[in-house]
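The values are calculated or read from the model by the stated rules, or taken from the named source; none is laboratory data. All values reported here derive from a predicted model rather than from experimental measurement. So basically every Cβ, Gly included, is an ideal-geometry build from the backbone, and we count neighbours across all protein chains shown. In case anyone asks, the SASA skips ligands and DNA or RNA and just uses the protein heavy atoms, side chains included. Shrake-Rupley method; radii C 1.70, N 1.55, O 1.52, S 1.80 Å.
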Amino acid sequence: MKENSTFSTLKTEDHMPGVRVITISRPQALNALNTTVLSELNHALRSAAEDSGVRVVVLTGEGPKSFIAGADILEMKDKSPQEAMRFAQLGHDVGKLLELMPKPTIAAVNGFALGGGCEMAMACDFIVAAENAVFAQPEVGLGIIPGFGGTLRLARLVGIARAKELIFSGRRIQAGEAREIGLVARVLPQEGFLAQALEIATLISKNSAPAVAKCKQLMNEFSESVGLNGKLDAEVHAFGRLFGSQDQREGMGAFAEKRKPSFWGIAPNSASAG
Ligand code: CAA
């Protein structure tokens, strides 16, 4: 195992043969995604994509409690709509690298994968989860919407009705339910979790890299990642437009003040027959 990190919020390690592990390391904030983490992830993923020695990428979070507890609410809470759009775009850039790079990407989910954390996991080719993994898209409880691809990728993975139920309610689900609905490929025991995830990555890394890359490309096309850009752009704009609203300020302010939010906002009546 070779450690080769030059990042402040990530650790990168190479496991033979050709498995690069990228670990988000902000345990004091449960590995929440701020601008620095997203920029460093972008850099680390580009470098893994270009490195001919890397055949598989594993994304995980430091510590047993959390994979990623979402986008950083404390950083987001005072953003203007334009700043929020730029932030969502940063998240989308990372998601697209995970989804579209010609090497398999595996999310090894330990503990919380909430909001942007669940979205980064879904951007990977598949998710392996520890028994203690917990998934949710809790954004509507903060007065915003999923902003890193969740409205598209969750529906694609679990079907539109299940995705709506999860996104509208913000309900948390455990690893077993996540596997049942197709969000998670495999659930592994918590003890020795990363080592077991690495065994799966190693198995893949021993196969023909061009053959695996071609499977990835075809399967992405079959699952309608064609048109991904336009659909994700719509999410970026919708995400940004909610910043500065009464509900966004209340939702994120309540998180910062460690209290329950009280929402007043009135939903726009965009469904009314014209
Ligand atoms: N952003 C910023 N800080 C966070 C965070 C986040 N998403 N999640 C956790 N933290 C911080 C907490 O503020 C806390 O910091 P302090 O010790 O300095 O107070 C620390 O991490 C530990 O968190 P808790 O004390 O809350 O730990 P807990 O075990 O009681 O609860 C939790 C854990 C259920 C994950 C809870 O922290 C939580 O609900 N976090 C927010 C989850 C969330 O709503 N994520 C979605 C964010 S929005 C998003 O992701 C938008 C998008 O699509 C792009």
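By the Kirkwood approach, averaging reciprocal distances over each pair of separate Cα atoms, the chain gets a hydrodynamic radius of 18.8 Å. Take the alpha-carbon positions of the stretch 171-239, form their convex hull, and give its projected area averaged over all directions (one quarter of the hull surface) in nm². The directionally averaged projection comes out at 7.2 nm². Helix 35-50 and the longest principal axis of the Cα set of the chain meet at an angle near 30°. With contacts taken as Cα pairs under 8 Å at a separation of at least 6 residues, the chain carries a relative contact order of 19 percent.
Cross-linked pairs K65/K103; K11/K260; K79/K216: Cα-Cα separations exceed 31 Å for K11/K260; K79/K216. Taking every DSSP bridge with both residues inside the chain, close to 30 percent are antiparallel.
The value of relative contact order for the stretch 105-211, using C-alpha pairs under 8 Å at least six residues apart, is 29 percent.
Counted without the sites themselves, the longest stretch of the chain free of chymotrypsin sites (Phe, Trp or Tyr not before Pro) in a DSSP loop having at most 16 other beta carbon atoms within 10 Å is 1-262. Sequence-distant contacts, meaning Cα pairs under 8 Å at least 6 residues apart, place the relative contact order of the stretch 19-159 at 25 percent. Using a probe radius of 1.4 angstrom, the carbon and sulfur fraction of the accessible surface of the chain is 57%. Considering helices alone, the calculated mean residue ellipticity of the chain at 222 nm is -14000 deg cm²/dmol, with DSSP H runs of length four and up weighted by -39500 (n - 2.57) and normalised per residue.
For the chain, report the accessible area per residue in Å² (1.4 Å probe, heavy atoms, rounded to an integer).
Solvent-accessible surface per residue comes out at 47 Å².
For the pair the stretch 163-188 / the stretch 217-265, the C-alpha centres are spaced 19 Å from each other. Highest mobility in the GNM of the chain, judged by mean-square fluctuation with C-alpha springs under 10 Å and restricted to L203, L45, L98, is found for L203. Largest first, the residues K79, K258, K231 sort by 1.4 Å accessible area into K258, K231, K79. When the surface is traced with a 1.4 Å probe over the full set of protein chains, C215 keeps roughly 70 Å² accessible. Accessible surface comparison of K11, K96, K214, probe 1.4 Å, protein chains only, largest first: the order is K214, K11, K96.
In order along the stretch 188-205, the phi-based Karplus estimate (6.51 cos²θ - 1.76 cosθ + 1.60, θ = phi - 60°) of 3J(HN,Hα) comes to 10, x, 5, 6, x, 4, 5, 4, 5, 5, 5, 4, 5, 4, 5, 4, 5, 5 Hz; Gly and Pro are listed as x. Note on the stretch 1-148: Cα convex hull, mean projected area over all directions, 8.3 nm².
Give the distance, in whole Å, between the Cα centre of the stretch 105-125 and the Cα centre of the stretch 133-152. Taking the Cα centre of each part, the stretch 105-125 and the stretch 133-152 sit 12 Å apart. Against the chain, whose longest principal axis comes from its Cα atoms, helix 246-256 is set at around 50 degrees.
Relative to the longest principal axis of the Cα atoms of the chain, helix 160-169 runs at roughly 60 degrees.
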